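Every read-out reported here was derived from the displayed coordinates using simple, explicitly stated rules and does not represent laboratory data. From a predicted model like this one, the values you see are computed outputs, not experimental measurements. Here the Cβ is made from the backbone with ideal geometry for all residues, glycine too, and neighbour counts use every protein chain on show.
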Amino acid sequence: MMFALEGCLYLGWLLFMVQQKPLMATLKMLHRPYRVFLVVLVMLMFGAQLADRSSATFPFVSWALYERPAYGDPQYYDYTAVSQSGQERRLEVFRVSRSLSYRLMFPLNDLAHRIHQTPEGLQRQAMIADYETVLQTVAQMYNRRRPDDPIQTIRVWHCTVSLQAYRGPSSVQRRLFWQLQVQ
């Protein structure tokens with residue numbers, strides 16, 4: 001039912017677009033290979049949207065942004081650093097090194113999530129060793145820039161944002177996930 005309704009909406013949109021004279025004039029001005037490419041591209045995008053199997057149709061994926069309601073409470077990891085002076089402040093892990101920020105951001109959070117989900121064993125121990133190595137490296141990079149008050153401890157917080165009870169940043173639930181003494 002939903003497939004048919006969505007298909008009808010796309011067909012209606014396509015018919016509306018075909019009736020737009022400036023758009024059709026621009027399309028006719030294109031050389032034939034470009035026109036074919038553009039039409040095929042649009043058809044592939046619509047086909048992927050209707051198929052709704054993004055893993056099979058990648059890179060033409062569905063974009064069902066509001067089709068399904070969000071479920072569960074969003075979770076993320078937050079980092080704080082305790083300096084030699086005893087002050088605890090937020091550690092912007094991804095700003096410690098601009099060149100590493102994006103290459104570090106997602107893998108570090110993904111590794112924390114996998115450690116959180118993996119039961120005790122050799123695989124988890126290997127992940128922990130990698131995680132601690134990365135955190136030690138971040139601390140060393142930070143300490144090179146701020147030798148007057150170096151980091152002594154990094155704390156990693158597992159944060160949960162309750163969609164039902166959210167009342168601002170103070171309502172975010174924070175649990176200590178990891179603590180590392182910097183060497």
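Neighbours of residue 38 by Cβ distance under 15 Å: Lys/Arg scored +1, Asp/Glu scored -1, total +3.
Counting beta carbons within 10 Å around each of 108, 41 and listing the fewest first gives the order 41, 108.
Taking each residue as 0.36 nm, the span from residue 31 to residue 118 lengthens on full extension beyond its C-alpha to C-alpha distance by 25.8 nm. Sparse packing (at most 16 other Cβ atoms within 10 Å of the Cβ) combined with a DSSP loop state is found for the following trypsin sites (Lys or Arg not before Pro) in region 90-154: 98. Close amide H partners of residue 177, meaning residues 5 or more places away or on another chain with modelled amide H under 5 Å apart, are 156, 157, 158. Near the amide H of residue 182, within less than 5 Å, lie the amide hydrogens of 153, 154, all on another chain or at least 5 residues away, with H placed in the peptide plane.
The helix-only estimate of mean residue ellipticity at 222 nm for the chain, built from DSSP H runs of length n ≥ 4 each weighted as -39500 (n - 2.57), is -16500 deg cm²/dmol after division by the residue total.
Could you work out the percent of alpha carbon pairs in the chain separated by over 19 Å, rounded to a whole number? Write out the running numbers ahead of the final one.
Details: 12081 of 16653 pairs.
Cα-Cα pairs of the chain separated by over 19 Å account for 73 percent.
The C-alpha radius of gyration of region 75-181, expressed as a fraction of 2.2 N^0.38 Å, stands at 1.12. Its relative contact order, with pairs defined as Cα atoms under 8 Å and 6+ residues apart, puts the chain at 19 percent.
How much net charge surrounds residue 47 when only the other residues with a Cβ under 15 Å from the Cβ of residue 47 are counted, with Lys and Arg +1 and Asp and Glu -1?
Numbers: positive: 53; negative: 6, 52.
Once all neighbours under 15 Å are counted, the net charge is -1.
The Cβ shell under 11 Å around residue 81 holds other residues with a net charge of +1, Lys and Arg each +1, Asp and Glu each -1.
Could you tell me what fraction of 2.2 N^0.38 Å the Cα radius of gyration of region 2-57 comes to, as a two-decimal ratio? Intermediate results must be reported in sequence, preceding the final value.
Values: Rg = 13.2 Å, N = 56, 2.2 N^0.38 = 10.2 Å.
Here the answer is 1.30, to two decimals.
Taking the longest Cα principal axis of the chain as reference, the axis of helix 32-51 is set at about 60 degrees.
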